[in-house]
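Student: Dropping a structure here in structure tokens format, bear with me for questions.
The values are calculated or read from the model by the stated rules, or taken from the named source; none is laboratory data. Remember, predicted model here, so these are calculated numbers, not experimental data. Please note: Cβ atoms are built from the backbone with ideal geometry, for glycine as well, and neighbour counts cover all protein chains shown. SASA here: full protein model, heavy atoms, side chains in, ligands and nucleic acids out. Shrake-Rupley method; radii C 1.70, N 1.55, O 1.52, S 1.80 Å.
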Amino acid sequence: MLEDLNPPLTDQENEFLLAEGIILSDELLQLYRLHNGQAGDACGIFCGYEFIDYWGIFSQRMLAVELSADLTVEELYVQSFEEDKIAEVFLHPGRIAFGGPGGNYLAVDFVPASKGIFGQVINCGRDDQVMYVLADSLGEFLNMYADMLESGAIEVVNDPDLGNRLDSPHHGNLISLFVAWKSKGSAAS
């Protein structure tokens with residue numbers, strides 16, 4: 001899986017994003033200066049979510065701009081949002097997706113609702129009927145993910161069709177794992 005990681009984001013690629021009005025936060029820029037997402041048909045390094053490259057960030061942003069202008073699209077999606085923390089739209093141009101694609105994303109949220117935190121990491125997209133704050137920042141998200149890997153909550157699984165991938169044997173998906181992990185942490189506090 002590590003072989004599937006792209007080289008770092010170049011200055012030219014970052015300048016392209018800036019020219020398109022997409023400003024990566026310091027945390028996102030640090031992450032993308034390590035690796036500019038994953039290559040082509042790689043298994044998603046985030047338990048099924050591919051680490052998307054700068055072009056994926058741009059593409060998702062353009063989709064969010066297009067769909068946010070079409071108010072009828074919002075009427076098609078019945079969703080629940082973590083109370084007063086996430087703006088009640090399934091896609092928003094003020095969110096920078098770093099995990100996806102395919103219609104569901106992990107995103108850094110720069111347009112939180114009244115009780116949300118600027119820069120929180122959320123799940124969002126067309127198939128997510130419930131949206132959660134997964135972490136208060138990208139750094140916290142990555143630290144929690146590393147803790148899950150180290151604890152064995154996430155394992156390397158060999159899929160005959162997809163090859164090696166990261167997955168959680170005790171949770172249906174990454175979102176349910178993060179919700180359970182956060183609840184466990186809250187209970188310990």
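Student: Please give the calculated 222 nm ellipticity per residue for the chain, where each DSSP H segment of at least 4 residues contributes -39500 (n - 2.57) and the sum is spread over every residue; nearest 500 deg cm²/dmol? Numbers along the way, then the final one.
Tutor: Values: 6 runs with 68 residues, N = 189.
Computed mean residue ellipticity for the chain: -11000 deg cm²/dmol.
Student: Which label marks the calculated value of percent of Cα pairs over 31 Å apart, given the options (1) 30; (2) 14; (3) 21?
Tutor: Here percent of Cα pairs over 31 Å apart agrees with entry (2).
Student: Oh, and also: Where Lys and Arg each count +1 and Asp and Glu each count -1, what net charge lies around N36 among other residues with Cβ under 11 Å from its Cβ?
Tutor: Net local charge, N36 excluded: -1.
Student: Could you work out the local net charge near F141, counting Lys and Arg as +1, Asp and Glu as -1, over the other residues with Cβ closer than 13 Å to its Cβ?
Tutor: Result for the neighbourhood of F141: -4.
Student: Would you mind computing, in nm to one decimal, how far apart the modelled labels at D84 and N158 are, each placed 7 Å from Cα along Cα→Cβ?
Tutor: Between D84 and N158, the label points sit 5.1 nm apart.
Student: Return one whole number: the accessible area per residue of the chain in Å², for a 1.4 Å probe.
Tutor: Per-residue value: 51 Å².
Student: Follow-up question, since we're still on this one. Please sort 135-141, 23-29, 7-13 by packing, taking for each peptide the average over its residues of neighbouring beta carbons within 10 angstrom, highest first. Don't skip to the answer; put the middle values down first.
Tutor: Working: 135-141: 18.6, 23-29: 15.3, 7-13: 12.9.
With the highest mean Cβ count within 10 Å placed first, the list reads 135-141, 23-29, 7-13.
Student: Under the definition of Cα pairs under 8 Å and six or more residues apart, what whole-number percent is the relative contact order of the chain?
Tutor: Relative contact order comes out at 18 percent.
Student: Using a cut-off of 14 Å between beta-carbons, work out the net charge of the residues near P169 (Lys and Arg +1, Asp and Glu -1, P169 not included). Walk me through the numbers on the way to the answer.
Tutor: Working: positive: R165; negative: E155, D159, D167.
Once all neighbours under 14 Å are counted, the net charge is -2.
Student: Once fully extended, how much extra length lies between V130 and V65, figured as 0.36 nm per residue of separation less the alpha-carbon to alpha-carbon distance?
Tutor: Fully extending the segment from V130 to V65 adds 21.3 nm.
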